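Take this structure, written in structure tokens, and hold onto it; I'll ask about it next.
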Amino acid sequence: MFKSIDTTADAAEKGLSEVQKEFDHYQKKFFPERSPEFFCLELNGEAGELANIEKKQWKGRVILQERFEDEAADVAIALMNYANSRSIDLGKAVKEKLLKIEKKRLELKADGLEF
Ligand SMILES: [Mg+2]
């Protein structure tokens, strides 16, 4: 159940920061160091794979739930690796962005508009 944007933003910051740090330890221990450009391309490649199975389902093919889960996981992992390689604190960035989106949503709502 939704409590407040502050609760959501704080949870995103705490959870993502913890996950991101663990990914960083894992990546540094077992994989070669790679550039932000490499991970950005990997992220977009994985997002493309996810989009491709969505397109197939949209066109009528049956795609198993586990395929969506697998590709979504690839995107999440690639995003963590990209953020680490680019020294982005994803938890902090997501928290700030959520608060910015909510501020904009409320401004639009006050004007009778939808986000
Ligand atoms: Mg994939």
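Please determine, by comparing only the residues of region 51-80 that are over 13 Å from the mean Cα position of the chain (by Cα) and aliphatic (A, V, I, L, M), which one is surrounded by the most Cβ atoms within 10 Å (Cβ to Cβ).
I53
Can you pull out every residue in region 31-65 that is within 15 Å of the ligand (Cβ to nearest atom) and among the hydroxyl-bearing types (S, T, Y)?
Those that are within 15 Å of the ligand (Cβ to nearest atom) and among the hydroxyl-bearing types (S, T, Y): none in region 31-65.
Hey, could you check region 13-27 for residues that are surrounded by fewer than 13 Cβ atoms within 10 Å (Cβ to Cβ) and closer than 16 Å to S87 by Cα and say which is nearest to the chain's Cα centre (by Cα)?
Step by step, filter region 13-27, then rank; the result is E18.
Please go through (1) surrounded by 14 or more Cβ atoms within 10 Å (Cβ to Cβ); (2) of a type in the set (A, V, I, L, M, F, W, C); (3) farther than 22 Å from T8 by Cβ for F30 and return the number of the only condition it doesn't satisfy.
Going through (1) surrounded by 14 or more Cβ atoms within 10 Å (Cβ to Cβ); (2) of a type in the set (A, V, I, L, M, F, W, C); (3) farther than 22 Å from T8 by Cβ one by one, F30 breaks only (1).
Sticking with this structure for a sec: So for region 5-28 (the condition being at pLDDT 95 or above, within 16 Å of the ligand (Cβ to nearest atom) and among the polar types (S, T, N, Q)), does at least one residue qualify?
no
Looking at V75, is it in contact (Cβ under 8 Å) with a residue 40 or more places away in the chain, part of a helix (DSSP H, G or I) and among the β-branched types (V, I, T)?
So V75 does not fit the description; no.
I would also like to ask the following. Kindly evaluate A83 against the criterion of being more than 16 Å from the ligand (Cβ to nearest atom), of a type in the set (G, A, S), surrounded by 14 or more Cβ atoms within 10 Å (Cβ to Cβ) and in a helix (DSSP H, G or I).
yes
The values are calculated or read from the model by the stated rules, or taken from the named source; none is laboratory data. Just so we're clear, the structure is a prediction, and the values are computed from it rather than from any experiment. When we count neighbours, we look across all protein chains shown, and the Cβ atoms used for this are built from the backbone with ideal geometry, even at glycine.
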